[in-house]
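Engineer: To start, I am sharing the structure in question, which I have written as structure tokens.
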Amino acid sequence: MKRKCSALLTLMLFGLLLGACGLNTPTISPNAPIDTSYPAGEISTPTTQAYPLGTPTAKLTAQPTQTATVLELSASVPFISLHMFPDGTGWASHPSNSAVYHTSDGGLNWVAVYESPGGPIYGEFYLDGSTAWLSCSDYGTLGSSILHTTDAGATWSKTSLDFTGGKLYFLDKNVGFMFCGDRLIENDLITFYSTRDGGQTWDQSFTLSGNLFPNLQIRGLKPGITFRNALEGWVTGTFYVNKYSYLYHTADGGATWTNQSCDIAEANPDAFFYAFPPVFFNANEGLLALNAYLPLDSQKTILCKTTDGGESWKSFSEVATYGNVVEFTDAQHIWILGQVINSSSAQPELYRSIDGGTTWQNLNSSLPDGYFAINLDFTDSEKGWLIMDTVLPNSSKPDHYILYASQDGGQTWSQLDARMGD
């Protein structure tokens, strides 16, 4: 099963926070405690409704120059997040307009399958081309809703909850987890829930409310969550302290957490680290990607691996770019999509490894020059999709998201004449 680790807006946010705060830990804004007194049995029954549509450095290998095919800008798409499947089905979304889209033909045609009436989408998880969950705000209340579909978004069941929504991760159609209460910039109380019935009821496993000595750090950005089985999981992100990686592990379904590390701190003593959720390929082997933000705008993406099921991690490869997206389709095929941004250009960077990170191919020349790289998704070693923006971040010009596809592992890209249906 393929896995993608995506920072998306974290790169820009992290840079702004570092620029504003220097090397100091940002001030924490306290928030009101989350009410955790409700019993799971009082959650309402779902109803079905239809919505409107010192790390060794791996060797780099240069690739021949390639030119991406560019069509008219009218063939743009309204989303920045993408999750495709081998059968050509896929999902896409945009957090600003709280909309979700679906395709059944490899991205040529898209249909809006959920459009929020105004509340944000806290989290989303796509199990396959037909099954998905959304954690959405109930606007005007302190609660949230879980929306669930098994028919590619044609209909959604809704479960109302008494607590703020959060990040989602599902192991299968029944077992899932939700990490709640974290705000993007402010540091909020943290609460962790699990479900065994596909999201109809949720049990609280952990909360920092009332815990004087928490074993899960309250500060920092925590957008990453993954589970290897019903008991073992990880929460990842970044914390603004040198040599500290925000990588927390649970072995009891989220009730207790311990901080883990990779052997990168001593080799990079002045760096801030952003940890992506780890990816496992079997019971013992897995990979963990970390971004290192270094002084003088020096940046790199570091890969760590485990051979003991995530008990320990050791670095083995790095690439000199700050990866927006680190993509795995298996233990051997890895892509890192990065970006170099200055006042006049936004040069995307793309690196590929076909030997598990031992060597890397530089595919920068295959990407459109001057575009801002948004997201990347591969379903196997050859087929991939890429979202680009034709303008720089913070530009006064309107965003124009363009969808590209590759049939050769990212060595060449062609723009898709994607169509948005009703």
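The values are calculated or read from the model by the stated rules, or taken from the named source; none is laboratory data. Quick caveat: nothing in here was measured; it's all calculated off a predicted structure. All Cβ positions, glycine included, derive from the backbone under ideal geometry; neighbour counts span all protein chains shown. Heads up: the accessible areas ignore ligands, DNA and RNA and are worked out on the full protein's heavy atoms, side chains in. Shrake-Rupley method; radii C 1.70, N 1.55, O 1.52, S 1.80 Å.
Engineer: Gly123 is checked against (1) under 29 Å from Thr379 (Cα atoms); (2) open to solvent by less than 40 Å² (accessible area, probe 1.4 Å); (3) at pLDDT 95 or above and fails just one. What number does that condition carry?
Structural biologist: (3)
Engineer: Residue under question is Asn215, and the condition is that it be closer than 16 Å to Asp172 by Cβ and not in a strand (DSSP E or B); does it hold?
Structural biologist: Against the criterion (closer than 16 Å to Asp172 by Cβ and not in a strand (DSSP E or B)), Asn215 does not qualify.
Engineer: Further question on the same structure: Kindly list, by first and then second residue, each pair from a residue in the stretch 351-370 that is among the basic types (Lys, Arg) to a residue that is surrounded by 15 or more Cβ atoms within 10 Å (Cβ to Cβ) and in a strand (DSSP E or B), limited to pairs with Cβ atoms under 9 Å and residues at least 6 apart or on different chains.
Structural biologist: Arg352/Ile334; Arg352/Trp335; Arg352/Ile336; Arg352/Trp360; Arg352/Gln361; Arg352/Asn362
Engineer: Next question, about the same structure. From Glu266, Glu318, Glu311, Glu285, grab the single residue that is charged (D, E, K, R) and at pLDDT below 90.
Structural biologist: Of Glu266, Glu318, Glu311, Glu285, the one residue that is charged (D, E, K, R) and at pLDDT below 90 is Glu266.
Engineer: Suppose we filter Phe272, Phe276 for residues that are under 26 Å from Leu367 (Cα atoms), out of contact with any His (no Cβ under 6 Å at 6 or more places or on another chain) and open to solvent by less than 20 Å² (accessible area, probe 1.4 Å); which single one remains?
Structural biologist: After ruling out the rest, the residue left standing is Phe276.
Engineer: Quick one: is Pro295 open to solvent by 10 Å² or more (accessible area, probe 1.4 Å) and either touching a Gly at 6+ places or on another chain (Cβ under 9 Å) or of a type outside the set (D, E, K, R) (or both)?
Structural biologist: So Pro295 fits the description; yes.
Engineer: Another question about this same structure. Determine which single condition Thr103 fails, assuming it passes every other condition in (1) open to solvent by 20 Å² or more (accessible area, probe 1.4 Å); (2) modelled with pLDDT of 90 or more.
Structural biologist: So Thr103 meets the others, but not (1).
Engineer: Another one. Could you tell me whether any residue of the stretch 361-378 is at pLDDT 90 or above, open to solvent by 40 Å² or more (accessible area, probe 1.4 Å) and assigned to a strand (DSSP E or B)?
Structural biologist: yes
Engineer: State the number of residues belonging to the stretch 313-336 that are outside any strand (DSSP E or B), more than 19 Å from the chain's Cα centre (by Cα) and not aliphatic (A, V, I, L, M).
Structural biologist: Looking only at that region, the number is 1.
Engineer: Among the candidates Leu350, Leu337, Leu290, single out the residue that is in contact with a Leu (Cβ under 6 Å, 6 or more places away or on another chain), under 21 Å from Pro223 (Cα atoms) and not charged (D, E, K, R).
Structural biologist: Within the list Leu350, Leu337, Leu290, the selection yields Leu337.
Engineer: A further question on this structure: Test Ser137 against the stated conditions and say whether it is among the small types (Gly, Ala, Ser), surrounded by fewer than 21 Cβ atoms within 10 Å (Cβ to Cβ) and farther than 24 Å from Asp87 by Cα.
Structural biologist: yes
Engineer: Gly220 fails exactly one of the following numbered conditions: (1) under 19 Å from the mean Cα position of the chain (by Cα); (2) within 21 Å of Ser137 (Cα to Cα); (3) modelled with pLDDT under 85. What is the number of that condition?
Structural biologist: Condition (2) is where Gly220 drops out.
Engineer: Consider Tyr169 carefully, then state whether it is surrounded by fewer than 22 Cβ atoms within 10 Å (Cβ to Cβ), hydroxyl-bearing (Ser, Thr, Tyr) and not in a loop (DSSP other than H, G, I, E, B).
Structural biologist: Answer is yes for this residue.
Engineer: Right, something else. For residues that are part of a loop (DSSP other than H, G, I, E, B) and aromatic (Phe, Trp, Tyr), scanning just the stretch 75-94, find the one that is most open to solvent (accessible area, probe 1.4 Å).
Structural biologist: Phe85
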